Amino acid sequence: MAKYIIKRVLLAVVTLWLIATITFILMNMVPGGPFLAEKAPSEATLKALNEKYGLDKPLIVQYGNYMSRLLRGDMGPSIKQRGRTVNQIISNGFKVSARVGGISVLVAVLIGITLGSIAAMNRSKWIDNVIIVVSTCGIAVPSFVVSTVLMIVFSVKLKLLPTYGLSSPLHYIMPVMALSFYPTAYITRLMRSSMLEVLGQDYMRTARAKGLSQFKMLFKHALRNAILPVVTYLGPLLAYTLTGSFVVEKIFTIPGLGNDFISSITNRDYTLIMGTTIFLAALIVTMNLMVDIAYKLIDPRIKLK
Amino acid sequence: MGNTLVDIKNLRVSFFTPAGEVKALNDVSIKMEEGEVLGIVGESGSGKSVTAYSLMGLIPYPGRIVGGTIDFNGHRINDMSEAEMRAIRGNEVSIIFQDPMTSLNPVYTIGNQIMEVILLHTDKNKEQAYERAVELLTLVGINEPAKRMKQYPHELSGGMRQRVMIAIALACEPKLLIADEPTTALDVTIQAQILELMMELKQKIGMSIIMITHDLGIVANMCQKIAVMYGGKVVECGTADEIFYNPRHEYTKGLLRSIPRLTDKEHRKLIPIEGTPVDMLNPPAGCPFAPRCNSCMKICLGRMPEYTDLSETHYSACWLLQKEEFERRGQGA
Ligand SMILES: Nc1ncnc2c1ncn2[C@@H]1O[C@H](COP(=O)(O)OP(=O)(O)OP(=O)(O)O)[C@@H](O)[C@H]1O
Ligand code: SF4
Ligand SMILES: [Mg+2]
């Protein structure tokens, strides 16, 4: 196990290096630069700015400088947000996004697993049909529609929930609902189909023949087997949700990472683009490793190689 | 003989599939005394497993009992609630399923899965249950039981897994053990070992066994009583001697003809009789065997024959027998 983890971590470092390099190359291949979008600065200012951020040096030198700083965990200053480092921006944004995202994933997992299991256990009955219809809608409706509808119902009409910021627990309700809508629906469907499969397995028949209660059959014998596909989905889901959704953060005015990510691109904020990309990649790689380990813990048949 | 342990009367079980009602059991009656070994034989799809499942209240979705009664050890099984059934399953009656490779949960250890049933039906604590589980593994002939307790099903061979299934089935010393083709998935030497083991344990614990199989050799060696099933019906039932030396139903006769000599030591599989099995979606009005029967008469197609009692223990449902009896009575009068 330890050997496996070390191997995976080394592999992750290589992956991240590749991603950083490719992003660096692509970013510099696209014409334009960070200072061109603003109303044209004078030649002299432009030169000074480029010099300040080292953009005047040959690309290979820029690359070398960036990588050596990155190795020390320093992602440099933001080019467009004066006086803030990329590390600061990411850490501030991530704190916010991860909190909202974390709660959303938790909600999605709990509700999705419950609904999916209920549907599977009541196959073809009305409750199953209701859950299928609702979850299909949940997958089809985009998050900005969900956000807008929530906003109209709970804030405009009922005046129950605040519309922006995250200053109280009440503020979390709508963003969490908006963020967890799709994954809840998706997990419900995943869970339903894998639960249906598991319920038809021979070992469930054995469990029943032993005289076990419904509760024991479900929570001991079925759930642990049926949950594997959800665990697989959880890796990428966590990575994407924790880093924030641009749409939901925009609508509910949440100062999260999703916002930073999009604006870094439109602003051509080179260091922030590099920073957010590498951060997201690192998060995905970490989550996937955690999923694989979780897999091994849940299912002893799986060999980590 | 002892008391009646199993009394199945006119049992009908149907599966309500999208394609229609599959009449899996069509008026099945089987009686069995305590301490007996009953063999159920018949070709694939004849309803052997469904009969066994009915007895344990384990008929899978979308099937259910649509008629008849099942009495087991003083319980009226078909009137019992799921909760009442649970107290019996794995305790008074247990089953060894057809598929040893997939019948154990892959994510729990062998020990866990054996101890589970002990903890459920007895008031033993964890340590006592552990000891009992080790004892059971030893009993079913598994070496290094303490080590096996910690292993997962995928680390064991098919024969081992089937032994574990037997250990689970025997954990609470059931009155009745149902063995649904316990050895079909195993190779011949292991087959013999497992069967020997079951007979040995039967003596030790004093339980009754229902042995479901395709293999007439097994039945001949182990069973006192045999029920022959065809198309969801028991077409003939009697002692082993009656079935082997005096078969009266045309299907039973065909079955016996399909194996060369009964005295052969090696076990033989049933060679299917010519023709296709019954379509259970549209079962014929008359004798289910009629389309494949060489002695088929007009009446066979239209009406189901009643049972004819051939001796105290031997009965069969065939129009030929009804005719014989009628003629005999006619002569007597
Ligand atoms: N889950 C199910 N859904 C629909 N029909 C079923 C189901 N289970 C069994 N049947 C029907 O019940 C009939 C009897 O099946 P059963 O499993 O008892 O046969 P069997 O005698 O045990 O055969 P085998 O030797 O192949 O195990 C079959 O014709 C089958 O079509
Ligand atoms: S009832 Fe008729 S068809 Fe059926 S076995 Fe007897 S003779 Fe053959
Ligand atoms: Mg069967």
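A few points about this structure:
- Top-ranked residue in the range B:16-70 [being charged (D, E, K, R) and touching a helix residue (DSSP H, G or I) at 6+ places or on another chain (Cβ under 9 Å); ranked as farthest from ligand 3 (Cβ to nearest atom)]: B:34
- Qualifying residue in the range B:80-89 (condition: open to solvent by less than 30 Å² (accessible area, probe 1.4 Å) and either within 15 Å of ligand 1 (Cβ to nearest atom) or more than 10 Å from chain A (Cβ to nearest Cβ) (or both)): no
- Boolean, residue B:93 is on the phi < 0 side of the Ramachandran plot, modelled with pLDDT of 90 or more, within 16 Å of ligand 3 (Cβ to nearest atom) and within 16 Å of the chain's Cα centre (by Cα): no
- Condition met for residue B:106 (more than 16 Å from ligand 1 (Cβ to nearest atom), open to solvent by less than 40 Å² (accessible area, probe 1.4 Å) and out of contact with any strand residue (DSSP E or B) (no Cβ under 9 Å at 6 or more places or on another chain)): yes
- Within the range B:273-297, residues that are farther than 13 Å from residue B:255 by Cα and within 16 Å of ligand 3 (Cβ to nearest atom) have Cβ atoms under 6 Å from residues that are in a loop (DSSP other than H, G, I, E, B) and open to solvent by 50 Å² or more (accessible area, probe 1.4 Å) in these pairs: B:277/B:45, counting only partners at least 6 apart in sequence or on another chain.
- Within the range B:101-129, being touching a Phe, Trp or Tyr at 6+ places or on another chain (Cβ under 8 Å) and either more than 10 Å from chain A (Cβ to nearest Cβ) or touching a residue at least 24 places away in the same chain (Cβ under 8 Å) (or both) holds for B:103, B:104, B:105, B:106, B:107, B:108, B:109, B:110, B:111, B:115.
- Within the range A:1-17, residues that are open to solvent by 70 Å² or more (accessible area, probe 1.4 Å) have Cβ atoms under 6 Å from residues that are assigned to a helix (DSSP H, G or I) in no pair, counting only partners at least 6 apart in sequence or on another chain.
- Those strands (runs of 3 or more DSSP E) lying entirely in the range B:144-237 with at least 3 residues more than 16 Å from ligand 2 (Cβ to nearest atom) and within 14 Å of chain A (Cβ to nearest Cβ): B:176-180
- Candidate set: the range B:16-57, residues that are open to solvent by less than 40 Å² (accessible area, probe 1.4 Å) and within 14 Å of chain A (Cβ to nearest Cβ); chosen: the one nearest to ligand 2 (Cβ to nearest atom): B:50
- Check on residue A:113, surrounded by 13 or more Cβ atoms within 10 Å (Cβ to Cβ), over 27 Å from residue A:262 (Cβ atoms) and of a type in the set (A, V, I, L, M): yes
The values are calculated or read from the model by the stated rules, or taken from the named source; none is laboratory data. What you are looking at is a predicted structure, and each value in this text was computed from that prediction instead of being measured. Ideal geometry is used to build each Cβ from the backbone, glycine not excepted, and the neighbour counts take in all protein chains shown. Note: areas computed on protein heavy atoms with side chains; ligands, DNA, RNA excluded. Shrake-Rupley method; radii C 1.70, N 1.55, O 1.52, S 1.80 Å.
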